[in-house]
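Comments concern the structure below.
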Amino acid sequence: MSANVQAISPLWEVFPSRGAAAAEKKEGGGSLFGEIFQTAIDNVRESEDTIAKQEYLLSTGQMDNPAQLMLDLYKGQVSMSVLVQLREKALNAYSELSRMSL
């Protein structure tokens, strides 16, 4: 492993906007994965809204910093990628669980 690889942090630290609530639900018997998945969906929606607003401002000539749109587009791509990866992991886990015999 390379020296610049950071330690893996718990998932509720990856999504700090709902981190405390997710950690409390985990301890209280709630679904931490459901909370993280919902946070990922919310992040994608927020990114799409931000991008739409910035595109409107750019097309009407009201945007002061066009580079911000590119940054927001990249953030949107990353949030969508995280959501797709979470979905794939959930489907793979479900498939594995359904193959298990009791």
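Worth pointing out:
- Charge dipole magnitude, Cβ of K and R +1, D and E -1 - segment 36-76, Cα centre, debye nearest 20: 40 debye
- Positive minus negative residues near residue 50 (Lys, Arg vs Asp, Glu; Cβ under 9 Å): -2
- Dipole moment magnitude, nearest 20 debye, segment 39-102 about Cα centre, only Lys, Arg, Asp, Glu C-beta charged: 300 debye
- Note, ³J(HN,Hα) from phi for segment 40-50, Karplus 6.51, -1.76, 1.60, rounded to Hz, x at Gly and Pro: 5, 5, 4, 4, 5, 4, 5, 5, 5, 5, 4
- Residue 99 versus residue 74: modelled label distance in nm, points set 7 Å from Cα along the beta carbon direction: 3.8 nm
Read-outs: derived from the displayed coordinates by stated rules, not from any lab. It should be emphasised that the depicted structure is a prediction, and the values quoted were computed from it without experimental measurement. A quick note on method: Cβ atoms are made from the backbone with ideal geometry, for glycine too, and the neighbour counts reach across all protein chains shown.
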